[in-house]
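What follows is one structure encoded as structure tokens, with my remarks underneath.
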Amino acid sequence: MDTTPPPDWVYYLCGILLLVGNLSAWVGTLFMLPGNWVIVGLAALSAYFLPEKENGLGFSWTFVAILGGLALFGEFVEFFGSAAKARQYHASRRSLVLSILLGMVGATLGGVFGAPIGLVGGVVLIVVGGAAGAFVGTYLGETWKGRPKSERMAVSRAALFGRLFGTAGKLIVGMAMVMLTGLASFYF
């Protein structure tokens with residue numbers, strides 16, 4: 001078996017494809033998909049098929065592990081930003097489940113209606129749709145539980161703002177991962 005690494009142009013071509021794949025995965029995070037974990041998976045495939053060369057091209061498994069740590073950190077940021085905020089107001093489990101489900105539906109509807117607007121408008125509607133879905137899901141769950149309106153509103157507002165901050169934090173971590181893989185693909 002030939003262990004000679006491919007020529008440099010293959011690394012550069014795969015770096016461009018990796019950047020496109022990572023950006024697509026990052027956008028998937030807006031829809032509550034595991035975009036940061038897809039970035040880790042794509043980096044692992046790159047490390048396996050295009051091992052690190054002496055000139056710095058390619059990824060090491062240490063770099064993939066660092067990306068995995070960042071993805072895990074992004075999950076903590078999202079979880080503590082959204083669910084923990086609602087739990088401060090003693091949200092029920094059914095409210096949290098409905099918040100997640102309707103948050104996904106809201107983000108998807110925001111993407112569908114935001115697509116004709118353009119990239120910035122679409123992203124804004126995805127985030128707003130996800131937050132609105134989290135609000136409605138929590139409100140319905142707390143209504144189902146029989147809590148008074150003032151408590152339902154307080155828990156639902158907490159879920160809405162928690163979802164906004166959690167998503168923003170996870171997106172920031174994901175963009176850092178995209179930029180790191182881009183830099184690692186071409187510069188170090």
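The values are calculated or read from the model by the stated rules, or taken from the named source; none is laboratory data. Since the structure is predicted, the reported quantities are computational estimates derived from the model, not experimental observations. Quick reminder, even Gly has a Cβ in these numbers, built from the backbone with ideal geometry, and neighbours come from all protein chains shown. Side chains are part of the model used for accessible areas, which takes the heavy atoms of the whole protein and leaves out ligands, DNA and RNA. Shrake-Rupley method; radii C 1.70, N 1.55, O 1.52, S 1.80 Å.
Computed from the C-beta positions of Phe186 and Leu72, the FRET efficiency with R₀ = 30 Å rounds to 0.70. With R₀ fixed at 45 Å, the C-beta to C-beta distance from Trp144 to Ile16 puts the FRET efficiency at about 0.35.
So how far apart, in nm, are the two label points at Trp61 and Phe31 if each is 7 Å from Cα heading toward Cβ? The modelled label-to-label distance comes out at 3.3 nm. The H on the amide N of Glu52, modeled in the peptide plane, is under 5 Å from the matching H of Phe59, each at least 5 residues off or on a different chain.
Do you know the relative contact order of the chain, to the nearest whole percent, from alpha carbon pairs under 8 angstrom that are 6+ apart?
Numbers: 289 pairs, mean separation 54.0, N = 188.
Normalised by residue count, the contact order of the chain is 29 percent.
Taking the longest Cα principal axis of the chain as reference, the axis of helix 119-145 is set at about 40 degrees.
Working note: Cα atoms of the stretch 51-162, range along each principal axis, descending, whole Å: 65, 35, 16. Label separation (Leu45 vs Arg94): 4.2 nm, computed from points 7 Å beyond Cα along the C-beta direction.
Hey, got the dipole for the stretch 57-188? About the Cα centre, +1 on K and R Cβ, -1 on D and E Cβ, debye to the nearest 20?
Working: 11 positive and 4 negative charges, 119 e Å.
Around 580 debye, computed over the stretch 57-188.
For the stretch 1-109, applying the loop criterion from DSSP together with a ceiling of 14 other beta carbons within 10 Å to the trypsin sites (Lys or Arg not before Pro) yields Lys53.
The distance between label points at Met179 and Arg157 comes to 3.4 nm (points 7 Å beyond Cα on the Cα→Cβ vector).
Tell me the trypsin sites (Lys or Arg not before Pro) within the stretch 104-188 that lie in a loop according to DSSP and have at most 10 other beta-carbon atoms within 10 Å. Those that pass, being in a loop and sparsely packed, number zero.
Carbon-plus-sulfur accessible fraction, the chain (probe radius 1.4 Å, protein heavy atoms only): 75%. A convex hull fitted to the Cα coordinates of the chain yields 119 cubic angstrom per residue.
Would you kindly work out the equivalent ellipsoid of the stretch 127-185 from its C-alpha gyration tensor and give its semi-axes, the square roots of five times the eigenvalues, largest first in whole Å?
Numbers: eigenvalues 241, 14, 10 Å².
Working from the Cα gyration tensor, I get semi-axes of 35, 8, 7 Å.
Entry comment: accessible area of the chain is 55 Å² per residue, from protein heavy atoms only and a probe of 1.4 Å.
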